[in-house]
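Participant: Here it is, the structure in full.
Read-outs: derived from the displayed coordinates by stated rules, not from any lab. Please read all numbers here as calculations on a predicted model, not as lab measurements. Cβ coordinates were reconstructed from backbone atoms using ideal geometry, including for glycine residues, and neighbour counts include every protein chain displayed.
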Amino acid sequence: MAANFEGGKLLKYGIGIVVILVLLMVIWPFYTVPTGNRGVVTTFGKITGIEDEGLVILPPWKKLTIFSIRAEQADIENAEGSTSDTQPVKVSMTVRYSIATDKVSEVYEKYSHNGDLSSYVATATQEVFKAVTARYTAPDLIGERAKVSADINAALAQKLSMYGAQVINIDMRNFAFSESYMRAINEKVTQEQLRLGAENKLKTVEAEQKQKVAIAEAEANALRARADGEAYATTKAAEAQADALKVQSAALAQNKDILELRRIEVERLKAEKWNGALPEAIYAGAPIPFLNVSK
C-alpha cells in the first residue's frame, strides 16, 4: 500500500511538471530579434509595433515575425532594351538592395513578410533599363557606360523607393548588342586602328624629314658662316695691304730720294760681299762692274 501511494504521488508530480512546461511554452513572453533584422509585432493579424534587435517581451496574444533588413540581391539575366537609333541591346545585372528601416511596416503589410523583394526589383530593373537605353545612341551607350550605369542607378533608386527599398549598388555585366552590330563595331575599330597607324607612320616620316632639313640647314648655315668669315678675313687683309701701299706711295711721293737711297744701300751691300772676281760672261745690256784703278 505504501509503495502504491508513493508511486501515485510521483506520477502526479510528473504530470504537474509537464502541464507547467506546456503552459510556459504557450505563454512564453521572451523573444529575440537577431542582428540585421526587425521584429514585426502583430495582434490578431494587425501590425501593432516594430521591435529593434535584441530581447523582446510580449504577452501571449501578440505574435513576433522576424523581418530581414540585411542587404539582399536580385539577379536579372538578359534584360532587353533598345537604343535611340533602334539598336537592340541586352545586359545582365545584379542589384543589391535593402529595406529602409522606416519602411518595414509598409513592406510587411504590402509586399513581403520577410524582406525579400527580389521579384519586384527584377521587374523594376527591366523597366528602368529600357527607359534609360532609349535615351542613348548605340555608340554613346558603349562610350558612356559609366554615365549609363549612373542613370540606371538613379532611376532604379527612385523606382524602388515605392516599394520601401533602397539601392546599394548595381553590377552590370554581359553588355552586348546584336551580332551584326558588333561585327560592324569591330570592323570600324579595325579601320580606325589602321588609320591611326598610318597617321602615326606619316608623322614619323614627316618628323624624320624635318630633322634632315634642320640638319642640312644647320650645315649650310655653318658653311655660310665659315665662308663669310674667310671672306671677311681676306677683305681685311687686302684692305690692310692696300693701306700699307698707300702709306708707302705717300711716303715716296713726299721724298723721291728714298728710292735712290735704297738703291745705293743695295749696291753697297753687294760691294761689301764682292770677292774681287770679275764675271766670266757679260750679257748684253748687263751693267759693267765699276773698277777703281786709282790704287
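Participant: Can you compute the FRET efficiency between ILE264 and THR234 using 1/(1 + (r/R0)^6), with r the Cβ-Cβ distance and R0 = 22 Å? Round to the nearest 0.05.
Facilitator: The value I calculate is 0.05.
Participant: If the cut-off is a Cα-Cα distance under 16 Å, which lysines reach LYS90, setting aside same-chain residues fewer than 8 apart in sequence?
Facilitator: Straight-line reach from LYS90, under 16 Å: LYS130.
Participant: Quick check on my link table: of LYS110/LYS159; LYS147/LYS188; LYS63/LYS103; LYS103/LYS147, which ones sit more than 25 Å apart, alpha carbon to alpha carbon?
Facilitator: With Cα atoms farther than 25 Å apart: LYS103/LYS147.
Participant: How far, in nm, would the chain grow between LYS203 and HIS113 when pulled straight, counting 0.36 nm per residue and subtracting the alpha carbon separation?
Facilitator: The LYS203-HIS113 span can extend by a further 25.6 nm.
Participant: Can you tell me how much longer the chain between THR35 and GLU219 gets when fully stretched, taken as 0.36 nm per residue apart minus their C-alpha distance, in nm with one decimal?
Facilitator: 57.8 nm
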